[in-house]
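**Q** My questions all concern the structure below.
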Amino acid sequence: VMSKLGETMDKFRSSSSMTMVGVHAVEGMLNKLFGMRADTAASISRQLFTASPRERERVLQGVAARLGRNRAEQFSRLLEQYHRDVTTVGTRQGAMPASPSE
């Protein structure tokens, strides 16, 4: 689970705008779906996307300990799905022709 989460975080870190999308997605998931306080979810989310890989692993282990194995796996699956959805939308928008006014 931790490995999958780490890989997904790396994918989001590929660009600054994707990083911010990822930060907000993780924050919302932790807060709304997993019941973490908003300030805690925001702090964890920022740490996951800005920390060094070693620090990120420490934070992920803490998240997994808080959530438990089943919920950590669910979190991982949701994050992977969200990344796929964001990538798909971004690809589609990038393939759209520019409007005549641009």
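**Q** Against the conditions (1) surrounded by 16 or more Cβ atoms within 10 Å (Cβ to Cβ); (2) modelled with pLDDT of 70 or more, where does Met9 fall short? Just the number, please.
**A** (2)
**Q** Would you mind telling me which numbered condition in (1) under 14 Å from Leu78 (Cα atoms); (2) surrounded by fewer than 18 Cβ atoms within 10 Å (Cβ to Cβ); (3) among the polar types (S, T, N, Q) Thr50 fails?
**A** Result: Thr50 fails condition (1) only.
**Q** While we're here: Is it the case, given these coordinates, that Arg69 is open to solvent by 60 Å² or more (accessible area, probe 1.4 Å) and touching a residue at least 12 places away in the same chain (Cβ under 8 Å)? Even if it seems obvious, please write down each step before you answer.
**A** Numbers: open to solvent by 60 Å² or more (accessible area, probe 1.4 Å): yes; touching a residue at least 12 places away in the same chain (Cβ under 8 Å): yes.
Spelling it out, Arg69 is indeed open to solvent by 60 Å² or more (accessible area, probe 1.4 Å) and touching a residue at least 12 places away in the same chain (Cβ under 8 Å).
**Q** Pairs please, first residue from segment 7-30 and over 13 Å from Gln47 (Cα atoms) and of a type in the set (Val, Ile, Thr), second anywhere and modelled with pLDDT under 85 and in a helix (DSSP H, G or I), Cβ atoms under 6 Å, 6+ apart in sequence or on different chains.
**A** As it stands, the answer is Thr8/Leu79; Thr8/Glu80; Thr8/His83; Val21/Val86, since those pairs meet every condition given.
**Q** For segment 37-47, how many residues meet the condition of being open to solvent by less than 20 Å² (accessible area, probe 1.4 Å) and over 23 Å from Lys11 (Cα atoms)?
**A** Number of matching residues: 0.
**Q** Is it the case, given these coordinates, that Gly62 is at pLDDT 85 or above, exposed (fewer than 14 other Cβ atoms within 10 Å of the Cβ) and part of a loop (DSSP other than H, G, I, E, B)?
**A** Here the answer is no, as Gly62 does not meet what is asked.
The values are calculated or read from the model by the stated rules, or taken from the named source; none is laboratory data. Bear in mind the structure is a predicted one, so any value in this text is a computation, not a measurement. Glycine gets a Cβ as well: all are built from the backbone with ideal geometry, and neighbour counts include every protein chain shown. Ligands, DNA and RNA are stripped out before the accessible areas are found, and what is left, the full protein with its side chains, is counted by its heavy atoms. Shrake-Rupley method; radii C 1.70, N 1.55, O 1.52, S 1.80 Å.
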